[in-house]
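To start, the structure under review is shown below, and the notes come after it.
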Amino acid sequence: MSRRTSPVIPGFGLTLGYTLVYLSLIVLIPLGAMFVHAAQLTWEQFWAIVSAPRVLAALQLSFSTAFYAAIINGIIGTLLAWVLVRYTFPGRKIIDAMIDLPFALPTAVAGIALTALYAPAGLVGQFATELGFKIAYTPLGITLALTFVTLPFVVRTVQPVLADIPREVEEAAACLGAKPLQVFRHVLMPALLPAWLTGFALAFARGVGEYGSVIFIAGNMPMKTEILPLLIMVKLDQYDYTGATAIGVMMLVVSFILLLLINLLQRRIETP
Amino acid sequence: MSIRRYALAALASAVFAGSAIAKDYELLNVSYDPTRELYQQYNAEFIKHWQQAHPDDKVKIQQSHGGSGKQGRAVIDGLRADVVALALAGDIDEIAKLGKTLPDNWQTRLPDASTPYTSTIVFLVRKGNPKGIKDWGDLVKQDVSVITPNPKTSGGARWNFLAAWAYGLKAGGSEAKAQAYVKSLYQHVPVLDTGARGSTITFVNNGQGDVLLAWENEAFLALKEDGGTDKFEIIVPSLSILAEPPVAVVDKNAEKKGNEQIAEAYLKHLYSPAGQKIAAENFYRPRDTKVAAEYAKQFPKLDLVTIDKDFGGWKTAQPKFFNDGGVFDQIYTAH
């Protein structure tokens, strides 16, 4: 029985046209303008800007701290989603609502609050000082701020998928003799992984570009705790628009390649 | 757009009331962070002053504050400022160069290099001065930690840097010695915030560092805050820099709004005794010698170098010290 299914929203042409216009206005034109601006540079000039030692140090710092933050949230976020989906307990709704708070809070407020807490003289920071290490003004502090602002991504992507896996599936696996770890490895993980990767990628991408919350806790020491977005601001404050766009373009390209790789990985998992 | 609305309102009132004399003005003053309180007070004074001569006019003055460089960029990118009052002349130079909304010689149009009030850089230390800091030389002693913002992003921090350089030059006698001094000074800096306010928060609220290099007016403000005198004190070094935050009319914007006259009067009145007094009350050093004498007790005397005489102006100092590859970059990347 082959019947041509008519879509709910009519008019492929109209919807695609709308999609393209929308994407162009919101995403492609602003990004394109950046590339056009950066194109004023010759290849050598561009390379000289993006391969300066300070830029490379910042590149490494930004991507590594964003990666660690995404990994931490990948693990803790999955755990949070698990607890919220699989158990009912008093206050669950409130905890569920709290997950989104880092999105609602202005990032600068988060940054100042975290710095006050984790600075060497702060409420939490003083214990770290006693133990002989520093949190604020080190890469550790940056990772902490990024972990805070990217918390909702993994939770919110994993949560609905987890809710869609009936508990019976786990029970059936257990009845067939699977140990808990085997249930997790062979039953839950394959279903969760694509959503988890999406959450991870979103958290990572957000972390790479984050400015407001990091800037207060980072310490901003050149070569040590200076993030890439700050270097862009530094260039702008010198009225060096082209230099700023050069770093922006480089960030964009590196991020795009990484996100593309994650996407490919995801497709391989989904279609074995 | 509210400007158009005001223009229409002005036109309508002119036609209907039959009087072409009374006007509505809306003036936008784009300034840097620490002048907020100063201009709040001054705007009220200026409106009073203007209305004495033009009793039927309605004047509304808006102020915008932020980091000096960011504010300059906003004006270049199209923020319709009638007047700008920024932390350093270099930022207004850039507006003239990139925005082309005022002539290159803007600094010659008003007295005193277009700077109606000045300030300097002093040290804010914790009560009782536990580290015994008296002058620049003490900042590079072991176990002293210094808070100052990043001169690449903060106008105030550039004055700090140049003041330190001037000391290094005087104490060492050569540029190489001066560079060695600022290098060791910045090795004592644990946090480089992006702006002066950020550094004040780091020092005052987060309890970091033993010394804050600060605008004199900001240091006084920190003392004026609740309990400030119980926690901090100001140390005046032997030598510092005359920090000159200039003002200018942005001609093209003022013309478009029909504000040329009032914008010019707004800045000129800053030089009047009334304007100078308000500057002094807000801890800026007045230019007027009479008003300065009145407030002499408030402002300690010290040796001051100037950007024009000792550094060849911002057009020389900015690329030499702060642009990519300049002295500031060298002290961090060269080993």
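A short reminder: the numbers here are calculations on the coordinates, not readings from a lab. These numbers were taken from a predicted model, which means no experiment stands behind them. Heads up, the Cβs are rebuilt from the backbone with ideal geometry, glycines too, and the neighbour counts pull from every protein chain shown.
Roughly what would the spin-label model give for B:Arg109 and B:Thr289, points 7 Å off Cα along C-beta, in nm?
2.8
Just how far, in whole angstrom, is segment A:103-177 from segment A:33-62 if you go by their alpha carbon centroids?
32
Listed highest first by mean packing, meaning other Cβ atoms within 10 Å per residue, what order do B:306-314, B:72-80 come in?
B:72-80, B:306-314
Mind giving me the FRET efficiency for A:Ala174 and A:Thr19? R0 is 35 Å, r the Cβ-Cβ distance, nearest 0.05 is fine.
Efficiency, rounded to the nearest 0.05: 0.20.
Using Cβ contacts closer than 10 Å as the measure, can you line up B:Ile61, B:Ile331, B:Ile92, A:Ile257 from fewest to most?
If I rank by nearby Cβ atoms, fewest first, I get A:Ile257, B:Ile331, B:Ile61, B:Ile92.
What residue among A:His186, A:Leu41, A:Thr78 has its Cα farthest toward the positive end of the dipole of segment A:18-270, where the charges are +1 on Lys, Arg and -1 on Asp, Glu, each on the Cβ?
Highest projection toward the positive end goes to A:His186.
Would you mind ranking B:Ser272, A:Ser213 by Cβ crowding within 10 Å, fewest neighbours first?
Numbers: B:Ser272 16, A:Ser213 26.
Sorted ascending by nearby Cβ count, the order is B:Ser272, A:Ser213.
Provide the per-residue ³J(HN,Hα) series for segment A:241-250, in order, calculated from phi with Karplus coefficients 6.51, -1.76, 1.60 and θ = phi - 60°, each as a whole number of Hz, with x at glycine and proline positions.
5, 5, x, 5, 5, 4, 5, x, 4, 4
Quick one: among B:His269, B:His65, B:His54, which has the greatest mean-square fluctuation in a GNM of chain B with alpha-carbon springs under 10 angstrom?
Answer for the Gaussian network model of chain B: B:His54.
Calculated FRET efficiency, A:Ala113 and B:Asp56, Cβ-Cβ r, R0 35 Å, to nearest 0.05?
The pair A:Ala113/B:Asp56 has a calculated efficiency of 0.10.
Computed FRET efficiency, Cβ-Cβ of A:Leu28 and A:Leu265, R0 25 Å: what is it to the nearest 0.05?
0.50
Name the lysines eligible as straight-distance cross-link partners of B:Lys224: C-alpha to C-alpha under 16 Å, and not fewer than 8 places from it in the same chain.
B:Lys127
Given the C-alpha centroids of segment B:286-310 and segment A:65-81, what is the distance between them in whole angstrom?
Using only Cα atoms to place each centre, the spacing works out to 56 Å.
Are there chymotrypsin sites (Phe, Trp or Tyr not before Pro) in segment A:50-155 that DSSP puts in a loop and that have at most 15 other Cβ atoms within 10 Å, and which ones?
A:Tyr87, A:Phe133
Assign unit charges at the C-beta atoms only (+1 for Lys and Arg, -1 for Asp and Glu), then state the dipole size of chain A relative to its Cα centre in Debye, rounded to the nearest 20.
So the dipole magnitude of chain A works out to roughly 520 debye.
What's the average, rounded to a whole number, of partner chain beta-carbon atoms within 10 Å of each residue's beta-carbon in B:206-217?
Numbers: counts 13, 6, 8, 0, 0, 0, 0, 0, 0, 0, 0, 0.
That average works out to 2.
Based on other C-beta atoms within 10 Å, arrange B:Asp193, A:Asp100, A:Asp164 from fewest to most.
The fewest-first ordering by Cβ neighbours comes to A:Asp164, A:Asp100, B:Asp193.
Hey, in the GNM for chain B with a 10 angstrom Cα cutoff, which one of B:Gly195, B:Gly207, B:Gly258 fluctuates hardest?
Judging by the Gaussian network model, the answer is B:Gly207.
Give the distance, in whole Å, between the Cα centre of segment A:208-272 and the Cα centre of segment B:174-236.
So the two Cα centres are separated by 30 Å.
Calculate the mean, over all residues of peptide B:24-30, of how many other protein chain Cβ atoms lie within 10 angstrom of the residue's Cβ.
0
Partner chain Cβ atoms within 10 Å, averaged over the residues of A:238-245 - can you pull that number for me?
What the average comes to for A:238-245 is 4.
Of B:Asn160, B:Asn323, B:Asn205, which has the largest mean-square fluctuation in a 10 Å C-alpha GNM of chain B?
Looking only at B:Asn160, B:Asn323, B:Asn205, the largest GNM fluctuation is found for B:Asn205.
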